[in-house]
Amino acid sequence: MDERFRLLADLAPIGILLRGANLECTYVNASWLAITGLTRAQALGLGWLEAIHPEDRERLAKAQRETIRTASSMWLELRYQRPGGEVRWVQGRTTPLRRADHTVTSYLVVVEDMTERKKLEWALAETSSREQRRLGDELHDGLGQHLTGLALMASGLANAARSAALPNAADLDRLAALASEAITTCRTIAHGLSPLGDSRGALRAALRALVARHAAFGGRDVYFEEVGRASLRLDDGAADHLYRIAQEALNNALRHSGAQSIVVRLIVRRDLVRLEILDDGTGLSRSQSEVFGIGIHSMRHRAHLIEGELTITARPGGGTAVVCECRKNSPPSPAAYP
């Protein structure tokens, strides 16, 4: 290794690892060792692979095979597990190094410790979700109840005014009708803020209701399908993120794909939950991806927060498949991070 490169790498605040095509590590810097808790002797050769969290090793191996096949750079977020069991989240980039004839000689791996950012993301997501549920409950149980009382009172006054042949009976009827409309609007907003309510395991019912609301508009065939009746062991935050992913994907399919048939499918297996939104539309073109990129970014971010994997692919027969998978056991809360 060039001494100037070694000096820069040794002093770098990010982790740096150099490995061959056979995965054997020939160099690691001090920052990488600090992240993983390994010694230099432990990391060299194939020892560095021991730092990869057991649940992420297959995903890393798949990404590495793709990197070797395409000879291109790869970004990947995964977990390192220190010898004492402490988990550190990292974002890494693997870049092939080539000779002048473009032959790949080795791979440079650069990793950044993202654990603190993960803690902040979880804290922000949980706080936001909790505040939305609180506002939804207050709208439904507070303002909604007041409006219901107002509607009943206006209706009673209208009946009394008609009985007495008073001229304001029609105005009171209109007031009662406006109050009833306000109740409907209030409940709609409350449901949007807290679609799952306070009940754990309500994801199935919330997805059914979401599909039913869109199907009621007519003109499109929108279905909900469920595969597997196993228990849904997800915390409220994870269930809410899956619901929002379904909501965003369904809205995109209805508004932009020209789809005539859309299926929202929830697959519950022994150890994971798989959410699929499948349409028969024109697919998401490059230009549409750019225009609606915020929605796609939001879905990816939500999947990221629940340690899930989101894929958006073209369907063989036409249309788009949005798929999110996550483990059934609740993802770690911020407090669970080291």
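The values are calculated or read from the model by the stated rules, or taken from the named source; none is laboratory data. Because the structure is a prediction, the values reported are computed rather than measured. Backbone-built Cβ (ideal geometry, glycine too); neighbour counts: all protein chains shown.
Remarks
- Residues that are out of contact with any Phe, Trp or Tyr (no Cβ under 7 Å at 6 or more places or on another chain) and crowded, with 16+ Cβ neighbours inside 10 Å within the range 107-120 comprise Y107, L108, V109, V110, E112, D113, listed in sequence order.
- Selected residue (only one of L76, L60, L44 is closer than 28 Å to E3 by Cβ and not assigned by TED's automatic domain parsing to the domain that holds H301): L44
- When we screen E325, E309, E290 for residues that are among the charged types (D, E, K, R) and modelled with pLDDT under 80, the only hit is E290.
- Here the range 16-42 is the region considered, the condition is being in a strand (DSSP E or B) and not aromatic (F, W, Y), and the residue that is surrounded by the fewest Cβ atoms within 10 Å (Cβ to Cβ) is T26.
- Count of residues meeting criterion [within 26 Å of the chain's Cα centre (by Cα) and modelled with pLDDT under 90] in the range 95-114: 1
- The set of residues in the range 269-284 being of a type outside the set (K, R), over 19 Å from G319 (Cα atoms) and over 17 Å from the mean Cα position of the chain (by Cα) consists of D271 alone.
- For the range 43-83, residues that are part of a helix (DSSP H, G or I) and either under 24 Å from L272 (Cα atoms) or not aliphatic (A, V, I, L, M) (or both) total 19.
- Residue in the range 79-105 that is nearest to Q64 (Cα to Cα), counting only those that are surrounded by 18 or more Cβ atoms within 10 Å (Cβ to Cβ) and of a type outside the set (F, W, Y): T94
- Hits in the range 1-21 - residues which are over 14 Å from T94 (Cα atoms) and either modelled with pLDDT of 85 or more or not hydrophobic (A, V, I, L, M, F, W, C) (or both): D2, E3, R4, R6, D10, A12, P13
- Boolean, A160 is surrounded by 12 or more Cβ atoms within 10 Å (Cβ to Cβ), over 30 Å from A43 (Cα atoms) and in contact (Cβ under 8 Å) with a residue 40 or more places away in the chain: no
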